[in-house]
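In what follows, a structure is listed as structure tokens, so that the remarks can point back to it.
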Amino acid sequence: MSRCTCFLPSVAAVERGGGGSTSFCMQTLRLIFSLPLALLSVAGAAQSYEVGAVHRTRLLVDSRYDAAPDSAALAFIEPYARVVDSIMGPVVGRAAFPMKASRPESPLSNLLADILLEAGADYGERPRLAVYNMGGIRASLPAGDITYGDVLEVAPFDNKICFLTLTGESLMQLFREMAAVGGEGVSRGVELAITPGGRLVSARLDGQEIDPGADYRVATIDYLAEGNDRLEAFKQKKDLNAPRTEGTDARYVIAAYFRKKAARGEAVGAKIEGRIKVEPENSKE
């Protein structure tokens, strides 16, 4: 059995090239990450391999790499770049200002949760709240034109929108699990108070206390509905509505929201509203 050593770069930052097209450095990165897998798959046809070691380093990739690109590499990438740009380049809308995701609450996590909440009407649903996990938000949004590629970088997974019902008791468990990790994306109307140590102090929805015996309709993504990302309260769901068509992927739902706003001549924006507040550790529940 042969052994191989893999050197995998860790990207510290990537800056998009001008004009909304895929920059040379980004195209090169995609090849860097895919080439080792391709080589292993080809070599593996002749003999089996095991990974001997993995080494990594942080590599800053920004527009400086576009200043003097390697002509041979650029010529190799060019035909593939045309295909990529034709898919990723179309503008779906505009962002009023840059938005990023961070705990306990952030503009981008608020926006994505609100998008899921509003999308409920497209599926005959009227959810009371929506949840989008911070771990599923893989990039920030720049100000100005937003391309489909920007949306795909934010939501790269094949997670699909879904709707489910939780009892008030299970919803409180869900909020406690959110507090334990420092917060997740929640839609407007949710008011949580948590401590720095990860304890839930209080929870309200639309100004009201959570009724343990009531049912609450929730919009989220199917990955979370399965109880993943430490949100195990979702395993207690009932009345699941999980459409499986391509258009229900989170990225398509997000892109559709931007297009709808653009058709009205509106830029998309969200802000921190106090949906999740951090209170002193000695606060009483």
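Close amide H pairs (under 5 Å, H built 1.01 Å from N) link G269 with A96, residues at least 5 positions away or on another chain. For A130, the residues whose amide H sits under 5 Å from its own are S187, A219, ignoring neighbours fewer than 5 places away on the same chain, with H placed 1.01 Å from N. For a paramagnetic label modelled on K100 (point 7 Å from Cα along Cα→Cβ), amide N atoms under 11 Å away are absent within the stretch 60-79. Remark: C-alpha extents of the stretch 175-220 on the principal axes read 28, 20, 17 Å, sorted largest to smallest.
Please compute the volume of the convex hull spanned by the alpha-carbon atoms of the stretch 159-280 and report it per residue in Å³. Let's see the in-between values first.
Values: hull volume 14.2 nm³, N = 122.
Taking only Cα atoms, the stretch 159-280 has a hull volume of 116 Å³ per residue.
Take the Kirkwood radius over Cα pairs of the stretch 152-193, plug it into Stokes-Einstein at 37 °C and 0.692 mPa s, and you get 264 µm²/s for translational diffusion. How about the stretch 227-256: which trypsin sites (Lys or Arg not before Pro) there lie in a loop by DSSP and see at most 11 other Cβ atoms within 10 Å? Those satisfying the criteria are R244. For the residue pairs K235/K261; K160/K237; K160/K261; K100/K160; K237/K271, the alpha carbons lie more than 26 Å apart in K235/K261; K237/K271. Positive contributions from Lys and Arg (+1) and negative ones from Asp and Glu (-1), summed over other residues with Cβ under 15 Å from the Cβ of A225, come out at -3.
Extension gain T195-K284, at 0.36 nm per residue separation less the Cα-Cα distance, in nm?
Length difference between fully extended and current span is 31.0 nm.
Here, the stretch 54-110 is characterised by an Rg to Rh ratio of 1.10, where Rg is the alpha-carbon radius of gyration and Rh the Kirkwood radius.
Candidates I194, I210, F175 compared by Cα position along the dipole of the stretch 153-227: farthest toward the positive end lies I194, with charges placed on Cβ.
Please report the carbon-and-sulfur percent of the accessible area for the stretch 188-232; probe 1.4 Å, protein heavy atoms only, DNA, RNA and ligands left out. It is 41 percent, rounded to a whole number.
Which value, in Å to one decimal place, does the Kirkwood hydrodynamic radius take for the stretch 51-210 when every pair of different Cα atoms is included? Don't skip to the answer; put the middle values down first.
Working: mean 1/r = 0.0532 Å⁻¹.
For the stretch 51-210, inverting the mean 1/r across all distinct Cα pairs yields 18.8 Å.
Within straight-line reach of K260, meaning a Cα separation under 15 Å, sit the following aspartates and glutamates at least 8 residues removed in sequence or on another chain: D114, E118, D122, D145.
The values are calculated or read from the model by the stated rules, or taken from the named source; none is laboratory data. Since the model is a prediction, treat every value here as computed from it, not as a measurement. Counting neighbours? That spans all protein chains shown, and the Cβs are built from the backbone with ideal geometry, glycine included. Quick note on the areas: whole protein, heavy atoms, side chains included, nothing else; ligands and nucleic acids left out. Shrake-Rupley method; radii C 1.70, N 1.55, O 1.52, S 1.80 Å.
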